[in-house]
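Taken together, the values in this text are just the output of simple stated rules run on the coordinates, not laboratory data. Note that the coordinates shown come from a computational prediction; the quantities given were computed from them, not determined experimentally. Here Cβ is always computed from backbone atoms with ideal geometry, including for glycine, and neighbour counts include all displayed protein chains.
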Amino acid sequence: MTDKIFIVIPAFNEEKAISGVISNLLKANYDKIVVIDDHSGDNTYAIASEFPVYLLQHAINRGQGASLKTGIDFALQNDANVIVTFDSDGQHRVEDLKSILEPILKGEADITIGSRFIEKSKVPFFRKILLKGSVLVMFLFYRIKMSDAHNGLRAMSKTAAKKISITCDRMAHASEIIEEIHKKKIRFKEVPVTIKYDKETLKKGHGSYLGAVKVIAGMILKKIAR
Amino acid sequence: MYWIIKLCIVLVALFAISRAFLRFKDKKISRQGLLFWTILWTLAVVFAFAPHGVSYFADLVGIKRGTDFVAYLSIILLFYMIFRIYVKFESLEQNISTLTRELAIRGFKKGNGKNRMAD
């Protein structure tokens, strides 16, 4: 089943978590793992290289969106049928992959996005406000109703991966993917997943308010620039 | 006093136009770019010597003072230029990402697997 399923993991300074993430995936028999080291300053690359994974390294730091695109392009070049995007900080659970993949493998959807809000999982209060705020922004911008707009756990068919164009190098790529789904009328489905929060993961990613403001400002400027 | 300001404007304009011309000769800016900068700086000189001309244009768009008109126009122009730079900057950023991506994909390695079952 896992033959042509590629798991794309963008990683930046994740030496503490990357080993656990990769070994959990390998234990679950996902053997096509692509790790993109976004020019980390720590041992992320060296640690990842101890596992039987495809290793790609950015010569300079380009951001999570750029890393995802690198991984997706690599997977497509290597004949992937399904591509999963998976965080390197240990937030995502391998157990959720089955439900994320199922609608794609059954042909019910071309892209599935994890949602931490369908089945109520424990989300810290301020994180919840931030995430619900971006859900509202997504609705105002693209009229898409979603319960969770910034979840990095996604699966996409080869066709969807070829259609989606990621041009936002940094964090705004999550909104851009939703915009692409809307514009290119790609069949999508939200799937309940559980996100593991700890001190490390809360410091990073889509967590900061400043980050959220930057993403929205970027979206507005992009709309004007086109 | 006025003549000092006028002289400054003329000198700055001449310098800017000469720089634009040199950039055009080096093929760093297009013919349209040269035309844009030449017109812009020529207008600055014209308005320095004929401020009534500015007042005339200001009147046309309903602004009372010529200097206000010049200030508004400058702000609009600056915003437009910042926007142009933003667009250019974004495109450069994307080019850098494309290049980084190509290098990363070409130089991919397969991990050795010695730690395969590590936890």
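Observations, loosely collected:
- Some residue of segment B:106-119 being farther than 16 Å from A:L56 by Cβ, more than 7 Å from chain A (Cβ to nearest Cβ) and among the polar types (S, T, N, Q): no
- Members of segment A:60-90 that are of a type in the set (A, V, I, L, M) and touching a Gly at 6+ places or on another chain (Cβ under 9 Å): A:L68, A:I83
- Qualifying residues in segment A:53-88 (those that are within 20 Å of A:K158 (Cα to Cα) and among the small types (G, A, S)) - the one farthest from the other protein chains (Cβ to nearest Cβ): A:A80
- All positions within segment A:28-56 that are in contact (Cβ under 8 Å) with a residue 60 or more places away in the chain and not hydrophobic (A, V, I, L, M, F, W, C): A:Y30
- Pick from segment B:45-86, criterion over 20 Å from the mean Cα position of the chain (by Cα) and of a type in the set (G, A, S), ranking: surrounded by the fewest Cβ atoms within 10 Å (Cβ to Cβ): B:G62
- As a summary of the residue check, A:L68 satisfies the conditions (1) more than 26 Å from A:D198 (Cα to Cα); (2) aliphatic (A, V, I, L, M); (3) assigned to a helix (DSSP H, G or I) except for the one numbered (1).
- Top-ranked residue of segment A:128-153 - restricted to ones that are under 20 Å from A:I100 (Cβ atoms) and over 18 Å from the mean Cα position of the chain (by Cα), ranked as surrounded by the fewest Cβ atoms within 10 Å (Cβ to Cβ): A:K145
- Scan segment A:1-52 for residues that are polar (S, T, N, Q), closer than 18 Å to A:I83 by Cα and within 13 Å of another protein chain (Cβ to nearest Cβ) and the total you get is 2.
- Selected residue [within 14 Å of chain B (Cβ to nearest Cβ) and in contact (Cβ under 8 Å) with a residue 60 or more places away in the chain] from A:R170, A:R154, A:R127: A:R170
- Of the residues making up segment A:60-79, those that are over 14 Å from the mean Cα position of the chain (by Cα) and under 23 Å from A:A174 (Cα atoms) are A:I60, A:N61, A:R62, A:D73, A:F74, A:A75, A:L76, A:Q77.
- Of all residues in segment A:71-115, those satisfying the criterion of being of a type in the set (S, T, N, Q), part of a strand (DSSP E or B) and in contact with a helix residue (DSSP H, G or I) (Cβ under 7 Å, 6 or more places away or on another chain) are A:T85, A:T112.
- B:K109 being in contact with a strand residue (DSSP E or B) (Cβ under 6 Å, 6 or more places away or on another chain), surrounded by fewer than 16 Cβ atoms within 10 Å (Cβ to Cβ) and either over 30 Å from A:L76 (Cα atoms) or not aliphatic (A, V, I, L, M) (or both): yes
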